[in-house]
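A quick write-up on the structure given underneath.
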Amino acid sequence: MGDRIHHDGVLIVGAGLAGLSAALSAAPRKVLLLTGAPLNQGCSSAWAQGGMAAALSDGDTPELHAADTIAAGAGLVDPAMAALLAREGPAAVRRLAELGAPFDRTVEGGFAQSLEAAHSRPRIARVKGDQAGREIMEAVVRTVLSSRHVEVRAGARLKGLLQDAEGRVCGVVVVHNGRPLEITAPAVVLATGGIGGLYGVTTTPAELQGEGLALAALAGAVIGDPEFVQFHPTAIDIGRDPAPLATEALRGEGAKLINASGEAFMAGYHPDAELAPRDVVARAIHAEIAAGRGAFLDAREAVGAHFPEEFPAVFAACLSGGVDPRIQPIPVAPACHYHMGGIVTDAHGTASLPGLFAAGESASTGVHGANRLASNSLLEAAVFGVRAGVAAASETMPGPRALRRLMTPDLPQDALQTLRAAMSRDAGVVRDAAGLDRLLGQIDQLEAAHGRAGPLVAARLVASAALDRRESRGGHFRTDYPLSLAPQRTFVTLPEGTPASRAA
């Protein structure tokens, strides 16, 4: 059965920016932070290149930032949540700078800000060009490790939740040092990241397979908008898994998308060309590749010789694949990058089950809608991570009660690779009923052979909701239903596994 310990404080699973932000804001309440990988590894936050969007300049306002967020989200953004994110964004960036995140500065000492797709103003606070995620995380990790109220336990892999008869989440089951360990706590914050590892081509750590999302769903939590997956248009196509990323900031600096004949093609797909919303750019690149014309990001003129100092991560990734972006166009392809869906929460990270909170990419706050605005992900992790930590710190544990283990089996590596290929093929940039039916049949077969493993539960949530949404909107594009209907969010509860209700 393993051991059981009680933590009289906040229990956080996941050590990306959302989890770390929650840990810091829960003070002075004790925090136990669980992570499967060492700190600053195995999380998307550390890999983020673009930066953090926030209205930090004189020519910008939170209202404009919120409006851009709402426009990008294709009718499904909660306006109140977007306003909250944009309003608290500048303070979040300044707070991280105070912790030591070395944001790029202007000669006057302000935040240097760049332009990215679908933003009406330059508002991306960057670090050393494309080093934002790594540098921000290093500063936050240093702070967490020096905080006396936080205990970090690395090498603890989430395997289950502990739940009482009334549905309250009272703890987790992890595998630590090869042994199962039950940890009870008054509040559990799931900051377990996205679902990139469910796809054959992803820009995120491959270990992010929706385990927290799946366990929350199996426990009965409401899941929001699981069909909406964002595919970054410009993963560097050099055969690596995960695929390295060519940040959107390159297009903000003037890089052009061309085909193998050297023709710039984006103006034929959208009037904003290279700065069109991500879903539009991803589908355009997908179409060019499918037509046999190929797709390349040409930054020779826009960046050229300045690559090593302006975009060191992109430069190093390209060189590792035999491409010198100073003198060659970069081969690119769409890749799974971000999950707009997740565990439904309110503005304080509170999920629909008592005792359960969620933050970051594993949560669905309603702020991203059908298509996340560029560089809003680190911002959401910081803003809503803080809020979840504050709220979770106020929870108290009910009296003694019987608890049940809600566990998922492991999925063997060969079965996971089968699933990843099927998800990329049938729940990718473009979808249709035939492909989604085929995918659900594949998931049925894998579940029959291996049980209700977490990756299969998460994949079924995506596929079922994508099949049910008979329209195209944001990151979800159906070739058999290319038009958009009245905007409605999807809310899913298991065990049904299909959308139980929709609300405008």
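The values are calculated or read from the model by the stated rules, or taken from the named source; none is laboratory data. What you see is a predicted model; the values in this text were computed from it and never measured. Heads up, the Cβs are rebuilt from the backbone with ideal geometry, glycines too, and the neighbour counts pull from every protein chain shown.
Run down 34, 96, 85 and say which single residue is in contact (Cβ under 8 Å) with a residue 40 or more places away in the chain, part of a strand (DSSP E or B) and crowded, with 17+ Cβ neighbours inside 10 Å.
Selected residue: 34, the only one of 34, 96, 85 that is in contact (Cβ under 8 Å) with a residue 40 or more places away in the chain, part of a strand (DSSP E or B) and crowded, with 17+ Cβ neighbours inside 10 Å.
Can residue 437 be described as in contact (Cβ under 8 Å) with a residue 24 or more places away in the chain, over 23 Å from the mean Cα position of the chain (by Cα) and closer than 26 Å to residue 231 by Cα?
When the stated conditions are applied, residue 437 passes them.
Residues checked against (1) free of Cβ contacts under 8 Å to residues at least 60 places away in the same chain; (2) assigned by TED's automatic domain parsing to the domain that holds residue 253; (3) of a type in the set (Lys, Arg); (4) surrounded by 24 or more Cβ atoms within 10 Å (Cβ to Cβ):
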{"site": "313", "(1), (2), (3), (4)": "no, yes, no, no"}
{"site": "323", "(1), (2), (3), (4)": "no, yes, no, no"}
{"site": "353", "(1), (2), (3), (4)": "no, no, no, no"}
{"site": "371", "(1), (2), (3), (4)": "no, no, no, yes"}
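Among the residues of the range 417-467, count how many are over 20 Å from residue 208 (Cβ atoms) and assigned to a loop (DSSP other than H, G, I, E, B).
3
Which of the residues spanning the range 317-354 are closer than 12 Å to residue 246 by Cβ and outside any loop (DSSP other than H, G, I, E, B)?
317, 318, 330, 331, 332, 333, 334, 335, 337 - these are the residues of the range 317-354 that are closer than 12 Å to residue 246 by Cβ and outside any loop (DSSP other than H, G, I, E, B).
Of all residues in the range 179-208 being part of a loop (DSSP other than H, G, I, E, B) and among the β-branched types (Val, Ile, Thr), which is farthest from the chain's Cα centre (by Cα)?
Selected residue: 201.
Of the residues in the range 121-168, how many are among the charged types (D, E, K, R) and in a helix (DSSP H, G or I)?
4
Restricting the search to the range 257-282, which residues are under 19 Å from residue 331 (Cβ atoms) and at pLDDT below 95?
If the condition is that a residue be under 19 Å from residue 331 (Cβ atoms) and at pLDDT below 95, then 274, 278, 281, 282 are the ones that fit.
Name the residue, out of 77, 107, that is hydrophobic (A, V, I, L, M, F, W, C), within 17 Å of residue 277 (Cα to Cα), in the same structural domain as residue 375 (by TED's automatic domain parsing) and in a loop (DSSP other than H, G, I, E, B).
None of the other options fit; the residue is 77.
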